[in-house]
1. Between residue 75 and residue 39, what FRET efficiency follows from the Cβ-Cβ distance if R0 is 41 Å, with the result rounded to 0.05?
2. With a Förster radius of 41 Å, plug the Cβ-Cβ distance of residue 112 and residue 154 into 1/(1 + (r/R0)^6) and report the FRET value to the nearest 0.05.
3. Quickly rank 156-167, 80-91 as a protection proxy: mean count of other C-beta atoms within 10 Å, highest first.
4. Which value results when the Cα radius of gyration for region 81-181 is divided by 2.2 N^0.38 Å?
5. Taking the number of other C-beta atoms within 10 Å as the exposure measure, put 116, 42 in order starting with the fewest.
Amino acid sequence: MLILLKMIVISLVFYSALLTLFLTLPNPAILKLLLKLVKHFYISLLKKIAAIRAHISPPSFDPSTSVTCSAVFSHFEPVSLPCLKKIIAHVKSSGSPSNALPPRFFKEVWDTIGPYVQMLINSSLTAGDVPGILKQAVVQPLIKKPGLDTSNFRPISKPLFISKILAKVLALQLQSFLDTHSILEVFSSRVLKLFTVQSLPF
């Protein structure tokens, strides 16, 4: 669908440029050549659209009817200490200025504070609730390009480091559930890892 939209936009731009030439060039020979070119482009566009549609297989079910989900995600599972250690090793050492411990120091003393962090995260997972302090973040404005005015700032949200760990735990469990039950749509390239528009099965 995205490829078709791109082709339509390109064709509109092309037709707009030809229309401008059509109105500014009164020479009949040139106008005739332009009309022939427009016709050729239009036919080529229709052929490309037909080729793309031919590679799209029809759905195996009626899309107008509701489909019941075969699996339901009911709760999060407590995370083990080795799993938490592995997650923290891959979390970027950055975060909010409000961190009680700098992220790098947090990682260095993990063997000491690990069980307490695990207790906090698992209590949040089992209760299905995130503590209010972990929902807070510092918003830092970053300018897009040097030399631009203040209207070109881009807000960056910096949560607590432990909030990033909890978010990673939640994301991994949700991703595992979606992958196990094949729930993700194959055309959702924006949310699939290592997938782009170019990798869509057209």
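Values in this text are rule-based calculations from the coordinates and carry no lab data. The structure presented is a predicted model; accordingly, all values stated were derived computationally and were not measured. Note: ideal-geometry Cβ built from the backbone for every residue, glycine included; neighbour counts use all protein chains shown.
1. On the way: r = 62 Å, r/R0 = 1.50.
Calculated value: 0.10.
2. Numbers: r = 37 Å, r/R0 = 0.91.
For R0 = 41 Å, the calculated efficiency reads 0.65.
3. Numbers: 156-167: 18.3, 80-91: 13.6.
Highest to lowest by the protection proxy: 156-167, 80-91.
4. Values: Rg = 16.1 Å, N = 101, 2.2 N^0.38 = 12.7 Å.
Taking the Cα Rg and dividing by 2.2 N^0.38 Å, one obtains 1.27.
5. Numbers: 116 9, 42 13.
So the ranking, lowest neighbour count to highest, is 116, 42.
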